[in-house]
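What follows is one structure encoded as structure tokens, with my remarks underneath.
Just so you know, all these numbers are worked out from the coordinates, no wet-lab data involved. Since the structure is predicted, the reported quantities are computational estimates derived from the model, not experimental observations. Cβ sites come from the backbone with ideal geometry, for glycine too, and all protein chains shown count toward neighbours.
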Amino acid sequence: MQSKKIKDDYVISIDRGEEIIKSLLDFCEKNKIKLGCFSGIGAVNKAELGHYSVEAKKYSTKIIEQPLEILNLTGNITEMEGKCCIHAHIVLSDDKMNAIGGHLKSAIVSAACEVFLVKIDSEIERVYNKVIGLNMLKF
């Protein structure tokens with residue numbers, strides 16, 4: 001991974017073979033980023049996506065293993081129980097230009113992944129919400 005800091009923001013290039021969520025978590029921990037947002041583009045060859053059912057209070061997941069373009073990667077950075085928490089969604093496209101998207105659990109970069117990260121100088125914690133079944137923002 002390579003990065004460039006511009007004021008309080010970052011341009012990040014995640015290398016081929018690296019996992020996106022882990023790379024972002026490691027980057028945020030190393031740079032002491034506790035709150036922010038990011039967007040990115042690139043390509044992956046394996047991704048695990050999730051879809052949350054509010055009624056069932058659980059994720060269904062799907063693993064896709066094929067060359068895919070990242071049409072949009074977007075997410076936020078918060079903290080939960082004192083650790084960095086990445087919440088990301090992604091839209092991917094196959095070679096026939098069919099798109100699929102969802103909550104990003106993991107993805108392996110096949111060529112490149114370029115992320116623009118905006119650091120916000122504050123902190124917001126996530127706390128488990130029993131009614132919804134998710135870790136929600138606590139203000």
**OP:** Within the range 42-60, identify whether any single residue is more than 19 Å from Gly101 (Cα to Cα) and in contact with a Lys or Arg (Cβ under 6 Å, 6 or more places away or on another chain), and answer yes or no.
**Re:** no
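Residues are listed down the side, and each one gets a yes or a no for (1) acidic (Asp, Glu); (2) without any contact (Cβ under 8 Å) to a residue 40 or more places away in the chain; (3) touching a helix residue (DSSP H, G or I) at 6+ places or on another chain (Cβ under 8 Å):
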position	(1), (2), (3)
Ile90	no, no, no
Asp95	yes, yes, no
Ile100	no, no, no
Lys105	no, no, yes
Ser110	no, no, no
Glu114	yes, no, no
Asn129	no, yes, no
Ile132	no, no, no
Original post:
Here are some conditions: (1) charged (D, E, K, R); (2) more than 15 Å from the chain's Cα centre (by Cα); (3) surrounded by 13 or more Cβ atoms within 10 Å (Cβ to Cβ). Glu79 meets all but one. Which one does it not meet?
Top reply: (2)
**OP:** Would you check which residues across the range 43-58 are surrounded by fewer than 17 Cβ atoms within 10 Å (Cβ to Cβ), closer than 26 Å to Met136 by Cβ and of a type outside the set (Lys, Arg) and list them?
**Re:** Gly50, His51, Tyr52, Ser53, Val54, Glu55, Ala56
Original post:
So which pairs qualify, if the first residue must be in the range 1-20 and within 15 Å of Ala111 (Cβ to Cβ), the second must be assigned to a strand (DSSP E or B) and among the acidic types (Asp, Glu), the Cβ gap must be under 7 Å, and the two must be at least 6 apart or on different chains?
Top reply: Ser13/Glu114
Subject >> Hits in the range 24-37 (condition: crowded, with 19+ Cβ neighbours inside 10 Å and part of a helix (DSSP H, G or I)) >> reply: Leu24, Phe27, Cys28
